[in-house]
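Participant: I am attaching a structure below and will ask some questions about it afterwards.
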Amino acid sequence: MSSAEPTPPTPRFETLTVPKASDVLAAEVRERILSGEFGEGTALPPERQLVEQTGLSRATVREALRILEVERLVEIRPGRGGGAFVHRPGRESLAHTVRLVIRGQRIRLEALHETREAIEPACAALAARRRTERDLADLDAAHAELVGAGEDLPRFLRANIQWHNAVARAGDNELLIGFLGALSESIHASTDLARFLDLRIRQLTAHAHARITEAIRAGDAEAAHRRMSRHVCGFARAAAEVDGRELVDLPDSGD
């Protein structure tokens, strides 16, 4: 008697995840915006037309538009003449996202300083290679505002951020401009600056900015990188040791 033939294994399938219709519609619109098919300010079809064209429910269309609005890819304007309008992401979108990640993940201040030390000297070197007369004027204006702040600490802080952002803009790299803007604001918001920025440190900061600006104006990328590195590393060390400030000395960014 012949033995019975083995029973073939029963085919198995992995669990399938079907995306929500609103996610599918949002993904299509997102791709057409990012690819450039829908330019800045383009009005999307009215909600009723989107329902007719896609065959989806009004609730699904509204949810898709809300997703895109949260991503800042569309702007919803109410009232007559309103609707959904394309907003292509720029540096402000990057800065907003970075700030949310920093706050949401509770990124350590030490990590923020480490990141700044890694990228801001590169920004200064790029600025020395690419700066325009307008960039130099912006750096000079921010420096004059910082020097003129006197005992007005909020004015000094605004001018300080303005100067660092001007260095990034002079480097003409959109990613670095947006990223550094968010990083600088987060570092200042996380530091006890009222206790830290006494007159001596404000004077050293002003001197460092002047020396870095000199290198940028001269087109000396190596000096700009070196002086910015000394400046931001010194600031980080001083901020970390704020409770023992008598032992701290900020480098003056000289050669």
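Participant: Any idea how many residues of segment 126-140 are assigned to a helix (DSSP H, G or I) and open to solvent by 60 Å² or more (accessible area, probe 1.4 Å)?
Facilitator: Selection size over segment 126-140: 5.
Participant: (1) touching a residue at least 60 places away in the same chain (Cβ under 8 Å); (2) over 23 Å from VAL232 (Cα atoms); (3) not polar (S, T, N, Q): which one isn't true of ALA43, the others all being true?
Facilitator: Going through the list (1) touching a residue at least 60 places away in the same chain (Cβ under 8 Å); (2) over 23 Å from VAL232 (Cα atoms); (3) not polar (S, T, N, Q), ALA43 breaks only (1).
Participant: Only one of these conditions is not met by ARG30: (1) among the charged types (D, E, K, R); (2) surrounded by 17 or more Cβ atoms within 10 Å (Cβ to Cβ); (3) free of Cβ contacts under 8 Å to residues at least 24 places away in the same chain. Which number is it?
Facilitator: For ARG30, the exception is condition (3).
Participant: Still on this model: Can you confirm whether segment 141-159 contains a residue that is within 18 Å of CYS123 (Cα to Cα), surrounded by fewer than 19 Cβ atoms within 10 Å (Cβ to Cβ), within 25 Å of the chain's Cα centre (by Cα) and among the hydrophobic types (A, V, I, L, M, F, W, C)?
Facilitator: No; the residues of segment 141-159 include none that is within 18 Å of CYS123 (Cα to Cα), surrounded by fewer than 19 Cβ atoms within 10 Å (Cβ to Cβ), within 25 Å of the chain's Cα centre (by Cα) and among the hydrophobic types (A, V, I, L, M, F, W, C).
Participant: Moving to a separate point now. Name the single residue that is surrounded by the most Cβ atoms within 10 Å (Cβ to Cβ) among those in segment 1-15 being of a type in the set (A, V, I, L, M, F, W, C) and modelled with pLDDT under 80.
Facilitator: So in segment 1-15, the residues of a type in the set (A, V, I, L, M, F, W, C) come out as 1, 4, 13.
Keeping just the survivors that are modelled with pLDDT under 80 gives 1, 4.
On the way: MET1: 3, ALA4: 6.
Within segment 1-15, the match that is surrounded by the most Cβ atoms within 10 Å (Cβ to Cβ) is ALA4.
Participant: Right, next: Among the residues of segment 146-156, count how many are in contact with a Phe, Trp or Tyr (Cβ under 8 Å, 6 or more places away or on another chain), without any contact (Cβ under 8 Å) to a residue 60 or more places away in the chain and not in a loop (DSSP other than H, G, I, E, B).
Facilitator: Residues meeting the conditions: 0.
Condition check ((1) among the hydroxyl-bearing types (Ser, Thr, Tyr); (2) at pLDDT 90 or above; (3) under 22 Å from the mean Cα position of the chain (by Cα)) across all residues:
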| site | (1), (2), (3) |
| --- | --- |
| SER22 | yes, yes, no |
| PRO45 | no, yes, no |
| THR54 | yes, yes, no |
| GLU75 | no, yes, yes |
| PRO78 | no, no, no |
| VAL101 | no, no, yes |
| GLY104 | no, no, yes |
| GLU110 | no, no, yes |
| PRO121 | no, yes, yes |
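Participant: Another question about this same structure. Go through segment 33-48 and give me each residue that's open to solvent by less than 80 Å² (accessible area, probe 1.4 Å) and either part of a loop (DSSP other than H, G, I, E, B) or out of contact with any His (no Cβ under 9 Å at 6 or more places or on another chain) (or both). If you could, list the steps in order and put the result at the bottom.
Facilitator: Taking segment 33-48 first, the residues open to solvent by less than 80 Å² (accessible area, probe 1.4 Å) are 33, 35-36, 38-39, 41-47.
Matches in segment 33-48: SER35, GLY36, PHE38, GLY39, GLY41, THR42, ALA43, LEU44, PRO45, PRO46, GLU47.
Participant: Also: Scan segment 165-191 and report the pairs whose first residue is modelled with pLDDT of 95 or more and whose second residue is not in a helix (DSSP H, G or I), with Cβ atoms within less than 7 Å and a gap of 6+ or a chain change.
Facilitator: ALA170/ARG131
The values are calculated or read from the model by the stated rules, or taken from the named source; none is laboratory data. Quick caveat, the model's predicted, so the values are computed rather than measured. Note that each Cβ is placed from the backbone with ideal geometry, even for glycine, and that neighbours are counted across all protein chains shown. For the accessible areas, the whole protein counts, side chains as well, though only heavy atoms, and no ligand, DNA or RNA atoms are used. Shrake-Rupley method; radii C 1.70, N 1.55, O 1.52, S 1.80 Å.
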